[in-house]
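Undergrad: One structure, as structure tokens, below. Some questions next.
The values are calculated or read from the model by the stated rules, or taken from the named source; none is laboratory data. What you are looking at is a predicted structure, and each value in this text was computed from that prediction instead of being measured. Positions of Cβ are generated from backbone atoms using ideal geometry, with glycine treated the same way; all protein chains shown enter the neighbour counts.
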Amino acid sequence: MFQQKPIHFPNLKTVLMVEKFLQEQRRPVSKNTILENIPKKTMRQTLNIILEYLELSNKIYLGDKGVEWVFDEDKKLKTLLKKATDSF
């Protein structure tokens, strides 16, 4: 699954931070741009693990021009699920 054996795995807070940053971008960004702009200092190996996970879950596209967010939340489905769970 992982291209290299990780020293440690990223925590959820770091993964969410990277996800949020990528969702806010309008075009592909480089890994360096991600590392420079997320609030927490992160090792490149940790970022690579996060990006690999996001790519496997079909949330990002890793291309020649950088990393791009491609996942689109279905707001209608989210609303229906919320209504369904509120009734319990």
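Undergrad: Is it the case that some residue within the range 35-58 is part of a strand (DSSP E or B) and more than 21 Å from Lys5 (Cα to Cα)? Even if it seems obvious, please write down each step before you answer.
TA: So the first thing to find is which residues in the range 35-58 are part of a strand (DSSP E or B), and the list is none.
No.
Undergrad: Could you count how many residues in the range 57-77 are modelled with pLDDT under 80 and either surrounded by 10 or more Cβ atoms within 10 Å (Cβ to Cβ) or closer than 21 Å to Arg27 by Cα (or both)? Steps first, answer last, please.
TA: Kept after step one, since they are modelled with pLDDT under 80, are these residues of the range 57-77: 73-77.
Add one more test, that the residue is either surrounded by 10 or more Cβ atoms within 10 Å (Cβ to Cβ) or closer than 21 Å to Arg27 by Cα (or both), and what stays is 73-74.
Of the residues in the range 57-77, 2 are modelled with pLDDT under 80 and either surrounded by 10 or more Cβ atoms within 10 Å (Cβ to Cβ) or closer than 21 Å to Arg27 by Cα (or both).
Undergrad: Being touching a strand residue (DSSP E or B) at 6+ places or on another chain (Cβ under 7 Å) and of a type in the set (A, V, I, L, M, F, W, C) is the filter here, so list the residues in the range 42-88 that pass it.
TA: If the condition is that a residue be touching a strand residue (DSSP E or B) at 6+ places or on another chain (Cβ under 7 Å) and of a type in the set (A, V, I, L, M, F, W, C), then Leu51, Leu54, Ile60, Val67, Trp69, Val70 are the ones that fit.
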